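The values are calculated or read from the model by the stated rules, or taken from the named source; none is laboratory data. Quantities reported herein were computed from a predicted structural model and do not represent experimental measurements. Neighbour counts are summed over all protein chains in view; Cβ atoms, including those assigned to glycine, are modelled from backbone coordinates with ideal geometry. All accessible areas refer to the heavy atoms of the entire protein, side chains included, with ligands and DNA or RNA removed. Shrake-Rupley method; radii C 1.70, N 1.55, O 1.52, S 1.80 Å.
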Amino acid sequence: MKHQLLFATLLFGITIATAQNNTKYWQQHVDYTMNIDMDVEKFQYQGTQELVYTNNSPDTLHRVFYHLYFNAFQPGSEMDVRSRTIADPDPRVLDKIHKLSPEQIGYIQVASLTQNGTKVPFEIAGTVLEATLPTPILPGEKVTFLMDFKAQVPEQIRRSGRNSKEGVALSMTQWYPKMAEYDFEGWHADPYIAREFHGVWGNFDVTITIDKKYILGGSGYLQNPQEIGYGYQKKRGKVKQKDKKLSWHFIAPNVHDFTWAADPEYIHDTIQVPDGPLLHFLYKDNEQIKENWKKLQPVSVALMEYLSQHIGTYPYDQYSIIQGGDGGMEYAMCTLITGERSFGSLVGVTAHEMAHAWFQHILATNEAKHEWMDEGFTTYISTLATDLVLKQQKTNPLAPAYAGYIQLAKSGIEQPQSTHADRFTHNFAYGNSAYNKGAVFLAQLAYVIGREKQAQTIKKYFDNWKFKHPTPNDFKRIAEKTSGMQLDWYLTDWTQTTNTIDYAIKDVKGIDNKTTVTVERIGMMPMPLDIYVTHADGSQTSFYIPLRMMRAIKENPTPSIKRTVLSDWVWTNPSYTFEIPNDLSNIKSIVIDPNHTMADIDKSNNEYDK
């Protein structure tokens, strides 16, 4: 089985990746064993957690941090205040947290914490627990933390919660005390304010004891399906239990998160992906949505096959698509999505969240710092997958992403993509930057280095960085090695500034049976240029102006059209002039990037047309 090999993958894979910071790559490791007892009447649970923490870093650790995400769902929390003060609050949140009663709030309360049997003092500030260690953890050392905690599930507002608008009882995401990540940059103990997550790679052994009427799904492999009758709805009534509860035992190897959902009315379907994982579907027994959820299943197989083909083989033996939460959100080996939507919307959100299984839950970037790497890459690949499986055959499926980015670039409120996810002044700016501008980064890379090299880069990125924490520089280095081009300028300008791309055909003149063309760079971000000429007889030729700082030339993207490679453009020069060996009267049009794969913010000046 694939999942039996994942332990070894992590142990032997953490030191072989290309260095992120001029040192040998390393990452921390965790082994969780958790038992919780859920009271479905009060939406409260008691929990015990054994956490074996391996310090693979070269540093001695004197303290550790845990995330207590449920504490965000309390009046006066950082999430609450931020939602009530940002210019354009998320409509799912608004002031809803501020209005929660004590019975509706969420919390995780830690009763005790020990390190190798010794009591550990700790302080809790909002959603972060800081523990001062009685004995520092040395490089290469393993220690065992034991914790007792109790928690209350908040009313469904954002991602986690109980009693969603669609009637899902429990969406249990970020529900446990979660060790913060420590990497080459130090601790990442970010408070939970609005955005994304970052976690330590490891293994989870989780037992959930809950009312026997409830059906569960989520991360990991169920270890006792026959005992609880899971997957055999017709037989559930025959399962003899003296108690009113059942214990569901899951093991999730080599993940950095564990999520589950539960409802007494879930329908559970499965479908096998050929030479791939078993897909699980859990959704409410609701006549209005059943048809769409049944139709979704073969489409999900096609999506899984597309993503495995174009990124890399999905490495786990199962993936679950579960009705719950709000909107859609990715988790380890599963997603929680709302289910009462049109079929097209259901496929679209499934494609996006399934793609996150690669871009975040296998290629685990720090979403708080590099949110565009998971949201943008996911938007790019899921858009193409959806276009294929729904047979939409759009001329440019990514046109909406380009339009969204250009709207942002012209809005006056854009911030660099390197901005921390919680530091955007507007949700509009965050969304367009992470999703649309992030997708354009990857789509436009095909314009810069060539489509074939871009496709190879994605696959090599997956092969080199799966089960690790890649950074933007790691992706750039893969692209450079694959293409033979220097790309630091591309990563820097696109992600660390708000420089824009804007080129124009400034002047066209006919001189001595030749035509001179002057192209102007208006925006600050430089680019190589593909320029296509259509002649009076309908034939075409193209001219390629390399960017000097790239130190390389991409292959002809249209081999059927004769291409002339011109001398390099030094980006400091505001204009560039070249000759076409034809009389102007024989030229019908001259166009910069006719396929619109370069994110020029003003295309009105990209064409000379007689």
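Things worth noting here:
- Residues in segment 567-610 that are open to solvent by 80 Å² or more (accessible area, probe 1.4 Å), over 25 Å from Arg451 (Cα atoms) and among the charged types (D, E, K, R): Glu579, Lys588, Asp609, Lys610.
One line per residue, one yes/no per condition, for (1) within 21 Å of Ile86 (Cβ to Cβ); (2) assigned to a helix (DSSP H, G or I):
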{"site": "Gln392", "(1), (2)": "no, no"}
{"site": "Leu408", "(1), (2)": "yes, yes"}
{"site": "Gln417", "(1), (2)": "yes, no"}
{"site": "Thr425", "(1), (2)": "yes, no"}
{"site": "Ser433", "(1), (2)": "yes, yes"}
{"site": "Leu442", "(1), (2)": "no, yes"}
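- Selected residue [at pLDDT 95 or above, farther than 18 Å from Met354 by Cα and among the aliphatic types (A, V, I, L, M)] from Ala364, Ala385, Ala421: Ala421
- Screening segment 472-539 for strands (runs of 3 or more DSSP E) wholly inside it with 3 or more residues that are among the aliphatic types (A, V, I, L, M) returns the ranges 503-511, 529-535.
Matching residues to (1) open to solvent by 30 Å² or more (accessible area, probe 1.4 Å); (2) within 23 Å of Phe258 (Cα to Cα); (3) modelled with pLDDT under 95:
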residue	(1), (2), (3)
Phe281	no, yes, no
Ile289	no, no, no
Trp293	no, no, no
Val299	no, no, no
Gly312	no, yes, no
Tyr319	no, yes, no
Ile322	no, yes, no
Gly328	no, yes, yes
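- For segment 50-74, a residue qualifies if it is within 25 Å of Ile193 (Cα to Cα), open to solvent by less than 60 Å² (accessible area, probe 1.4 Å) and of a type outside the set (Gly, Ala, Ser), and the qualifying residues are Val64, Phe65, Tyr66, His67, Leu68, Tyr69, Phe70, Asn71, Phe73, Gln74.
- Test: residue in segment 116-129 that is open to solvent by less than 10 Å² (accessible area, probe 1.4 Å) and over 28 Å from Gly431 (Cα atoms): yes
- Residues of segment 200-223 that turn out to be open to solvent by less than 20 Å² (accessible area, probe 1.4 Å) and either without any contact (Cβ under 8 Å) to a residue 12 or more places away in the chain or in a loop (DSSP other than H, G, I, E, B) (or both), as a count: 4
- When each of Asn499, Asn464 is tested for being in contact (Cβ under 8 Å) with a residue 12 or more places away in the chain, open to solvent by 10 Å² or more (accessible area, probe 1.4 Å) and within 30 Å of Val200 (Cα to Cα), the lone residue that passes is Asn464.
- Taken as a whole, segment 7-23 holds no residue that is more than 25 Å from Pro121 (Cβ to Cβ) and modelled with pLDDT of 95 or more.
- Filtering segment 292-336 to residues that are of a type outside the set (A, V, I, L, M), under 20 Å from Lys165 (Cβ atoms) and without any contact (Cβ under 8 Å) to a residue 60 or more places away in the chain leaves Asn292, Trp293, Gly328, Thr335.
- Screening Ile449 against (1) open to solvent by 10 Å² or more (accessible area, probe 1.4 Å); (2) in contact with a Lys or Arg (Cβ under 7 Å, 6 or more places away or on another chain) leaves a single unmet condition, (1).
- Those strands (runs of 3 or more DSSP E) of segment 53-150 in which at least 2 residues are polar (S, T, N, Q) and modelled with pLDDT of 95 or more, considering only elements entirely within it, cover 107-115, 128-137.
- Pairs with Cβ under 6 Å, 6+ apart, first in segment 561-589 and closer than 23 Å to Asp609 by Cβ, second small (Gly, Ala, Ser) and part of a loop (DSSP other than H, G, I, E, B): Asn586/Ala536; Lys588/Ala536
- With respect to the conditions (1) open to solvent by 10 Å² or more (accessible area, probe 1.4 Å); (2) in a loop (DSSP other than H, G, I, E, B); (3) in contact (Cβ under 8 Å) with a residue 12 or more places away in the chain, Gly339 falls short on a single one, namely (1).
- Qualifying residue in segment 149-161 (condition: within 19 Å of Val52 (Cβ to Cβ) and in contact (Cβ under 8 Å) with a residue 24 or more places away in the chain): yes
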